[in-house]
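Notes for the one structure printed next.
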Amino acid sequence: MSEFTTKTPVTTTKAASSYGVIFAIIMIAEFVIAYVADIDATENAWVGIVNGLLNNLILPVVFISLAANYYKKAHGGYIKFGEVIKTGVTVAVIAAAIFALFNIGFNLAVPEAQAEMIEKMKAAQIKANPQMTSAQLKMAMSMAETFMKPYIAFPFTILFFAFLGLIYSLIIGAIVKKENPFGDVTPQDVNNIGAE
């Protein structure tokens, strides 16, 4: 009789967690480097474009794909469409939550950074729309300040990344999904049963 080795199964959360953390660390590193090097996305449009492409397209797709493939490999080469979606959204939400918490902590520790950012945004608005009235400018800056408040920024960041995670997971899921013909039984389980 063969010995069965019980191994904790890899869940979608377990598959997603480490990739979500790595994704968050990269976003935090980008933020810190930009702040320390005084790289301003409002003055350098290419910085904003590169940062946007990285954080909103390239990194989510890469880490969702890696997490889905990790889960798939751990389950004998099979992954359901729904499991890809769960994994992908979890990657995005974990990354967003960590990054949002860091951002809140950073703004509390360095309050002048937020004031500097508002001033740079104000200058960029005036440069882009010189015909803007002072009332319009004041309203725009008031909205920007509102979105920077922790109780707005935290849930908004999570919802935004969860939405991105869902969209990319739908696409990735259509590519990587592979239904298990044995149901929830892995081919290894079938071989172990036959070996008894």
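Structure notes:
- Gain on full stretching of the segment that runs from Asn44 to Met139 - 0.36 nm per residue minus C-alpha separation: 31.8 nm
- Computed E for Leu166/Leu54 - FRET, C-beta separation, R0 22 angstrom, nearest 0.05: 0.70
- Here the label points at Val110 and Tyr151, each 7 Å from Cα along the C-beta direction, are separated by 2.7 nm in the simple model.
- Crossing angle, helix 59-74 versus the chain [Cα axis fit, 0-90 degrees, rounded to tens]: 10 degrees
- Given a 1.4 Å probe and the protein chains as shown, Tyr19 ends up with an accessible area of around 50 Å².
- Residue-averaged 222 nm ellipticity for the chain, from DSSP H runs of 4+ at -39500 (n - 2.57), nearest 500: -25500 deg cm²/dmol
- Fraction of accessible area attributable to carbon and sulfur, segment 39-196 (%, probe 1.4 Å): 68 percent
- The chain: angle of helix 134-148 to the longest principal axis, Cα-based, in degrees nearest 10: 30 degrees
- Tilt relative to the chain, helix 12-36 - C-alpha long axis, 0 to 90 degrees, to 10: 30 degrees
- Pairwise inverse Cα distances across segment 1-139, averaged and inverted, put the Kirkwood hydrodynamic radius at 17.8 Å.
- Solvent exposure of the chain amounts to 61 Å² per residue of accessible area, where only protein heavy atoms count and the probe is 1.4 Å.
- Straight-line reach from Lys149: taking Cα to Cα under 22 Å and skipping same-chain neighbours fewer than 8 places apart, the lysines in range are Lys120, Lys122, Lys138.
The values are calculated or read from the model by the stated rules, or taken from the named source; none is laboratory data. Remember, predicted model here, so these are calculated numbers, not experimental data. All Cβ positions, glycine included, derive from the backbone under ideal geometry; neighbour counts span all protein chains shown. Accessible surface is based on the protein model in full, side chains and every heavy atom, while ligands, DNA and RNA are left aside. Shrake-Rupley method; radii C 1.70, N 1.55, O 1.52, S 1.80 Å.
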